[in-house]
Protein chains: 2
Amino acid sequence: MNERALHFLKALVERYIRDGQPVGSRTLAKDTGLDLSPATVRNVMADLEDLGLVVSPHTSAGRVPTVAGYRLFVNSLLTWTPPSEDDVASLRTRFGVKCDAKSLIETASNLLSGVTHLAGVVMMPRHEHNVFRQIELLPLSEKRVLAILITSEGEVHNRIIGTDRYFTPSQLEQASNYLNQMFTGQDIGEVRKRLLEDLKRAYASMDQQMIQAAALAQEVVAAAEQRDDCFIAGQTNLMEFGELASMERIKQLFDAFNQKREILHILDRCIAAEGVQIFIGRESGYALLDDCSLVTTTYRVDDRVVGVLGVIGPTRMDYQRVVPLVDVTARLLAAALRQ
Amino acid sequence: MNERALHFLKALVERYIRDGQPVGSRTLAKDTGLDLSPATVRNVMADLEDLGLVVSPHTSAGRVPTVAGYRLFVNSLLTWTPPSEDDVASLRTRFGVKCDAKSLIETASNLLSGVTHLAGVVMMPRHEHNVFRQIELLPLSEKRVLAILITSEGEVHNRIIGTDRYFTPSQLEQASNYLNQMFTGQDIGEVRKRLLEDLKRAYASMDQQMIQAAALAQEVVAAAEQRDDCFIAGQTNLMEFGELASMERIKQLFDAFNQKREILHILDRCIAAEGVQIFIGRESGYALLDDCSLVTTTYRVDDRVVGVLGVIGPTRMDYQRVVPLVDVTARLLAAALRQ
DNA sequence: GTTAGCACTCACTGACGCAGAGTGCTAAAA
DNA sequence: TTTTAGCACTCTGCGTCAGTGAGTGCTAAC
């Protein structure tokens, strides 16, 4: 594999990323600045096509990179440069305000989509040690109780729970005191397990009071434990790209975004990997994202990976710019969460 | 204005709603069952066109209803029938689970979009008397405090607030005790006003402790007061309608949905009106919704209007079916909130 | 008031041709 | 051996053109 051929491939991919049109031999000959004739370029192109790095959509069109072409481009042909000072500065200021995890996640995905003009997606942080801090049970009406659970990370979960019987305020206070005494400082997962055991024991001993208290706590703890959620922003940016622009295609994509399930599944697979990951076209393994690329990276708090964030865009995205931006956003989000 | 002409108009609108194609005299002649020739129908059509109730897109096309045509159809030509038992039953069961206002709102908008195949939108309930019930201030880290406010409606608001100085847990407890004593049972709006006054007075007397406590409370109370929010579901349904199907058009619409501001503004205007409101085409006054219709109604808790809900779809929507569904959804939501 | 007849208009479709872009191949030049 | 010029060829895209079908408006007869 020729040095020059690689140079041509690089020029071709860059050109195609720029204007989205198949690139012909004449254009490419000018682009590279090597002062070669179009005919020569054609020969090289034919080689690249044999190698499966480019294709032409039809006989008399220019060439377009294949997935393998993009892959080679991204792996070996690109030198990553840090994002522009301006971009970093504007990101940094927007992360300035201290607030809760949820808002930070939302900010991050908005920033990602804003700065890349793609769709930004951020997973909620998953704290390995999510610690029970305090529970509060409040009477709301005849048969409804408001349960509030506060974890050590400052997350607040609340649920309204319908009950079979009426609880007096003092009964609820007693119950919450009991729960707080028992569980404060323990891992949420642990708490859930122990609550289930308690519930079993209480059933056995027919301790109505206990049953109810444990059942109430159970519900809100369950809510706190399943923290699988993500934010997606800037979906509409994807409508601007001609290659995705069939209405049907976009609808499927948006429906998937709304469901979130598939997206979460994909992100989940990235959490194990180190550093920035790039899935080009069908590499992601999801038919939905066939002509999309996904750039993700993990973010960490206290040196532990807690989540994934990234962007979704057409395969024809400006990797050179996008990848460093995703990387730096992850760092900034991590810093903001660490506070 | 002829009785028969109205009959024709009705048939025409119904037909157009069904297949979205301009309706010709031949088709209409068959549709009405009056056994008249196409020529006669043409005469009537010409009259309707003079009255501005229908137009033909071009010389040799059939007729399409104008906004005025739809308006007449909706106001005088339609008899509202209750929604099908099946629809109501499926709605009712989905509202069955008791939970907090936010989830109910979300459910409602999902149901609306699901059952009508349009975009569903629901405003958060606005309680006129949103009463301060309890505040909790918890230390989170060096200079961050978690503030939790619970209102009488069982809504929980929490914010993480960055502070200039360190607070000991007991200081925070003292502050929250003070705030609870002062404000429990009072209207949130009132509380906010009084907090501002307190803050002023505290500044005058240089009471640092007070200043900080009031400032903390202030933030979370502010968050609780501005309850302007809404849920929009099923946006992608709108992509299925040919008449809105230019990508650019849809993008604008979706961007507006994401912004929410304009949508909230429109819904706000509906809150004063009684019963179901229908805005056809440009009647809404928003260029964005030019070829969309908006069907809204208010929902009430304890005989007080607290919010608005409805659907957004193309002008060519099945009003006969949609309007009763919006109506019944509002009732069901109200019932679910009342529990 | 209703209808038949007729001329007319307009969108849509498919055929045709043509220009433009780009290719592959071959043979000559470097 | 590599590069280039030349040439035939193949597509797409665009505009033109005629034919068809759907539908209209008008007029005159029923």
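The values are calculated or read from the model by the stated rules, or taken from the named source; none is laboratory data. Computed from a predicted structure; not experimentally measured. Positions of Cβ are backbone-derived with ideal geometry, glycine not excepted, and every protein chain shown enters the neighbour counts.
Just wondering, is there one or more residues in the stretch B:115-126 that are in contact (Cβ under 8 Å) with a residue 24 or more places away in the chain, buried (at least 21 other Cβ atoms within 10 Å of the Cβ) and of a type in the set (D, E, K, R)? Break it down into steps so the answer makes sense when it comes.
The first filter runs over the stretch B:115-126 and keeps only residues in contact (Cβ under 8 Å) with a residue 24 or more places away in the chain, leaving B:115-126.
This time we only want the ones that are buried (at least 21 other Cβ atoms within 10 Å of the Cβ), so: B:115-116, B:118-123, B:125.
Those left that are additionally of a type in the set (D, E, K, R): none.
Scanning the stretch B:115-126 turns up no residue that is in contact (Cβ under 8 Å) with a residue 24 or more places away in the chain, buried (at least 21 other Cβ atoms within 10 Å of the Cβ) and of a type in the set (D, E, K, R).
Could you grab the pairs with beta carbons closer than 7 Å, sequence gap of 6+ or different chains, first residue in the stretch B:35-53 and at positive phi, second one more than 9 Å from DNA strand D (Cβ to nearest atom) and at pLDDT 95 or above?
From residues that are at positive phi, the pairs are B:Gly52/B:Thr66; B:Gly52/B:Ala68.
I'd like to verify a number: residues in the stretch B:218-259 that are touching a residue at least 60 places away in the same chain (Cβ under 8 Å), more than 20 Å from the chain's Cα centre (by Cα) and either facing chain A (nearest Cβ under 8 Å) or surrounded by fewer than 15 Cβ atoms within 10 Å (Cβ to Cβ) (or both), how many?
4
What residue, among those in the stretch B:153-184 that are at pLDDT below 90 and aromatic (Phe, Trp, Tyr), is farthest from B:Cys99 (Cα to Cα)?
Among residues in the stretch B:153-184 that are at pLDDT below 90 and aromatic (Phe, Trp, Tyr), the one farthest from B:Cys99 (Cα to Cα) is B:Tyr166.
Is it true that B:Arg92 is in the same structural domain as B:Val311 (by TED's automatic domain parsing), at pLDDT below 95 and of a type outside the set (Ser, Thr, Tyr)?
Criteria met by B:Arg92.
Looking at (1) farther than 23 Å from A:Met317 by Cβ; (2) more than 14 Å from every other protein chain (Cβ to nearest Cβ), can you tell me which one A:Ser76 breaks?
In the conditions (1) farther than 23 Å from A:Met317 by Cβ; (2) more than 14 Å from every other protein chain (Cβ to nearest Cβ), A:Ser76 misses (1) alone.
What number of residues within the stretch A:45-77 satisfy the criterion of being within 8 Å of DNA strand D (Cβ to nearest atom) and of a type outside the set (Ser, Thr, Tyr)?
Counting residues in the stretch A:45-77 that are within 8 Å of DNA strand D (Cβ to nearest atom) and of a type outside the set (Ser, Thr, Tyr) gives 3.
For the subset of the stretch A:142-173 comprising residues that are in a helix (DSSP H, G or I) and polar (S, T, N, Q), which member is surrounded by the fewest Cβ atoms within 10 Å (Cβ to Cβ)? First the steps, then the outcome.
Of all residues in the stretch A:142-173, those in a helix (DSSP H, G or I) come to A:169-173.
Going one step further and asking which of them are polar (S, T, N, Q), we end up with A:170-171.
On the way: A:Ser170: 9, A:Gln171: 16.
For the stretch A:142-173, the residue satisfying everything is A:Ser170.
In the stretch B:31-40, how many are surrounded by 15 or more Cβ atoms within 10 Å (Cβ to Cβ) and more than 8 Å from DNA strand C (Cβ to nearest atom)?
Total satisfying the criteria: 2.
Does the stretch B:89-106 contain at least one residue that is more than 13 Å from DNA strand D (Cβ to nearest atom), more than 14 Å from chain A (Cβ to nearest Cβ) and charged (D, E, K, R)? Break it down stepwise before answering.
Quick first cut of the stretch B:89-106, residues more than 13 Å from DNA strand D (Cβ to nearest atom) only: B:89-106.
Next cut, more than 14 Å from chain A (Cβ to nearest Cβ) only: B:89-94.
Still in the list and also charged (D, E, K, R): B:92, B:94.
Taking every residue of the stretch B:89-106 in turn, at least one turns out to be more than 13 Å from DNA strand D (Cβ to nearest atom), more than 14 Å from chain A (Cβ to nearest Cβ) and charged (D, E, K, R).
Restricting attention to the stretch B:181-190, does a residue exist that is touching a residue at least 12 places away in the same chain (Cβ under 8 Å), part of a loop (DSSP other than H, G, I, E, B), within 13 Å of chain A (Cβ to nearest Cβ) and of a type in the set (Ser, Thr, Tyr)?
yes
Do we find a residue being surrounded by 15 or more Cβ atoms within 10 Å (Cβ to Cβ), touching a Ser or Thr at 6+ places or on another chain (Cβ under 7 Å), free of Cβ contacts under 8 Å to residues at least 40 places away in the same chain and not aliphatic (A, V, I, L, M) anywhere in the stretch B:87-104?
yes
Out of all the residues in the stretch B:278-332, which are part of a strand (DSSP E or B) and over 14 Å from the mean Cα position of the chain (by Cα)?
Of the residues in the stretch B:278-332, the ones part of a strand (DSSP E or B) are B:278-280, B:292-301, B:304-314.
Scanning the stretch B:278-332 gives B:Ile280, B:Cys292, B:Val301, B:Arg304, B:Pro314.
Please give the number of the condition B:Val122 fails out of (1) away from chain A (no Cβ under 13 Å); (2) closer than 30 Å to B:Ile266 by Cα; (3) in a loop (DSSP other than H, G, I, E, B).
(3) is the only condition that B:Val122 fails.
Among (1) in contact (Cβ under 8 Å) with a residue 40 or more places away in the chain; (2) exposed (fewer than 15 other Cβ atoms within 10 Å of the Cβ); (3) within 10 Å of DNA strand C (Cβ to nearest atom), which single condition is A:Gly20 missing?
So the condition that A:Gly20 fails would be (3).
Taking A:Leu9 as the residue in question, decide whether it is closer than 22 Å to A:Val276 by Cβ, within 16 Å of DNA strand D (Cβ to nearest atom) and not assigned by TED's automatic domain parsing to the domain that holds A:Glu153.
On the way: closer than 22 Å to A:Val276 by Cβ: yes; within 16 Å of DNA strand D (Cβ to nearest atom): yes; not assigned by TED's automatic domain parsing to the domain that holds A:Glu153: yes.
Yes, satisfied.
Quick one: B:Asp187 ticks every box in (1) closer than 23 Å to B:Gly313 by Cα; (2) at pLDDT 85 or above; (3) not hydrophobic (A, V, I, L, M, F, W, C) except a single one, so which number is it?
Evaluating B:Asp187 over (1) closer than 23 Å to B:Gly313 by Cα; (2) at pLDDT 85 or above; (3) not hydrophobic (A, V, I, L, M, F, W, C) leaves (1) as the failure.
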